[in-house]
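Colleague: Mind looking over this structure? Questions follow.
The values are calculated or read from the model by the stated rules, or taken from the named source; none is laboratory data. Nothing here was measured: the structure is a model prediction, and the numbers come from that model. Glycine also receives a Cβ, built like all others from the backbone with ideal geometry; neighbour counts cover every protein chain displayed. Accessible surface areas use protein heavy atoms only, side chains included; no ligands, DNA or RNA. Shrake-Rupley method; radii C 1.70, N 1.55, O 1.52, S 1.80 Å.
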Protein chains: 2
Amino acid sequence: MEKQTHLSWKTEPSPRLVRMAATKDPRPCSIADTLALVGEKYSLLVLREVCLGNGRFDQLVRNIGAPRDVLSTRLRRLVDAGILTKHAYSERPRRFEYRPTPAGLDLEPVLMTLKEWGDRHLHGNTGLPMIVEHDCGHELVPVVTCRACGDPVRHEDLTAHPQAPGWTLRGPVHP
Amino acid sequence: MEKQTHLSWKTEPSPRLVRMAATKDPRPCSIADTLALVGEKYSLLVLREVCLGNGRFDQLVRNIGAPRDVLSTRLRRLVDAGILTKHAYSERPRRFEYRPTPAGLDLEPVLMTLKEWGDRHLHGNTGLPMIVEHDCGHELVPVVTCRACGDPVRHEDLTAHPQAPGWTLRGPVHP
DNA sequence: TCAGATGGGTTTGTTTTTCCAACTCATCTC
DNA sequence: GAGATGAGTTGGAAAAACAAACCCATCTGA
């Protein structure tokens, strides 16, 4: 798989084995691609605030607890990525508010699943910092289901079909 | 809300306005708490590999493209957090494999929603790097639903009920 | 009227992380 | 025994995060 390097080793400058550092072509993957956009520190918290309607710079600083300069970098990136837009809510003095685009709102499922996990595993479902109510009248407990059959998705029911070389093709993982 | 600082300003050493940097008590939130554990660079990709069954150090290095030292730090942290376990798959020579704990597997919904977003918004649902098949026989397209009513969750149907001060209580965000 | 506060950032200097390449060490393979 | 393999660790340079201060236009209250 990394065979091409074998041929050149004999004549390489380095006299000892040079083992490759992190390969430059990692697995092509939508998860990685998404995280490249929103996986930096604070980015998803920005999205959380913005989805809650708290899109002003000082609200973000306060509610997230991020340094102002970092926040300002993140905001630029998220706007560039088409996840947020910048709205002027006042001329004279010019003041702005960040809001989610439709693509940004499409990231809410990520926030919900993160919240679910934290509620379950970090807060034991008691004394939750925030409760989200669904319009059906109940507390929202998000469940990921399969669009085709509607069933909740369990790890054992999944098989990965990688489209690129270098993948291990597997079904259930647990022994 | 930050009123306590008012009184002391007159006598503070700094002659000019000192505006607080990132407040030290950001919003208490399960999303932030979860990200504190798995939000560092590469952590969720480690989980991806491990859920796919590729839990050996060199596989992780190759498939993720992370520096070995960073990976080794991440692995320690994820094991400490109870998200991974380290299994010896060979004595003499001692060799290890990382596997997800049940809590780790519970993070799969996060991976799925991240993948969905990337598939939709970054790859236009064509030429996807990986297809996951559900046991029902169809390609898995994860949909987040409300456990109580079973309906897909839409942003407009949510209302946040923060349990801590400093929150803005809102329903639908869009104007 | 003007001292100070507010909103939305940028600048500057320091501390942490990341990154990369190389190194280790025990074992297995040719 | 020469070299490869797995699973890391080490050391030094580069990049990011951090904190505090600064900026500038506007508004506010005494």
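Colleague: Output the qualifying pairs, or none if there are none: Cβ atoms under 7 angstrom, residues six or more apart or on different chains, first residue in segment A:82-103 and among the hydroxyl-bearing types (Ser, Thr, Tyr), second residue open to solvent by 90 Å² or more (accessible area, probe 1.4 Å) and in a strand (DSSP E or B).
Modeller: A:Tyr89/A:Arg95; A:Tyr98/A:Lys86
Colleague: Of the residues that make up segment A:98-119, is at least one within 8 Å of DNA strand C (Cβ to nearest atom) and more than 7 Å from every other protein chain (Cβ to nearest Cβ)?
Modeller: Yes, segment A:98-119 contains at least one residue that is within 8 Å of DNA strand C (Cβ to nearest atom) and more than 7 Å from every other protein chain (Cβ to nearest Cβ).
Colleague: Still on this structure, please answer the following. Within segment B:99-126, track down each residue that is open to solvent by 30 Å² or more (accessible area, probe 1.4 Å), of a type outside the set (S, T, N, Q), over 19 Å from A:Pro152 (Cα atoms) and touching a helix residue (DSSP H, G or I) at 6+ places or on another chain (Cβ under 7 Å).
Modeller: Passing the criteria: B:Arg99, B:His121, B:Leu122, B:His123.
Colleague: Can you tell me which of (1) closer than 23 Å to B:Leu107 by Cβ; (2) at pLDDT 95 or above; (3) not basic (Lys, Arg) is the one A:Cys29 doesn't meet?
Modeller: (2)
Colleague: Within segment B:70-91, track down each residue that is assigned to a helix (DSSP H, G or I), within 13 Å of chain A (Cβ to nearest Cβ) and polar (S, T, N, Q).
Modeller: B:Ser72 - this is the single residue of segment B:70-91 that is assigned to a helix (DSSP H, G or I), within 13 Å of chain A (Cβ to nearest Cβ) and polar (S, T, N, Q).
Colleague: Still on this structure, please answer the following. Can you tell me which residues in segment A:92-121 are more than 25 Å from A:Ala32 (Cα to Cα) and assigned to a loop (DSSP other than H, G, I, E, B)?
Modeller: A:Arg92, A:Pro93, A:Arg94
Colleague: Report, by residue number, each residue of segment B:37-83 that is surrounded by fewer than 19 Cβ atoms within 10 Å (Cβ to Cβ) and in contact with a Pro (Cβ under 8 Å, 6 or more places away or on another chain).
Modeller: Listed by number, the list holds a single entry, B:Gly65.
Colleague: Moving on. Quick check on B:Lys86: is it within 12 Å of DNA strand C (Cβ to nearest atom) and either modelled with pLDDT of 95 or more or open to solvent by 40 Å² or more (accessible area, probe 1.4 Å) (or both)? Please lay out each step first, then the result.
Modeller: Working: within 12 Å of DNA strand C (Cβ to nearest atom): no; either modelled with pLDDT of 95 or more or open to solvent by 40 Å² or more (accessible area, probe 1.4 Å) (or both): yes.
When the stated conditions are applied, B:Lys86 does not pass them.
Colleague: Could you grab me the full set of residues in segment B:143-154 that are at the interface with another protein chain (Cβ under 7 Å from one of its Cβ atoms) and open to solvent by 20 Å² or more (accessible area, probe 1.4 Å)?
Modeller: Of the residues in segment B:143-154, the ones at the interface with another protein chain (Cβ under 7 Å from one of its Cβ atoms) are B:143-149, B:151, B:153.
Scanning segment B:143-154 gives B:Val143, B:Arg147, B:Ala148, B:Cys149, B:Asp151, B:Val153.
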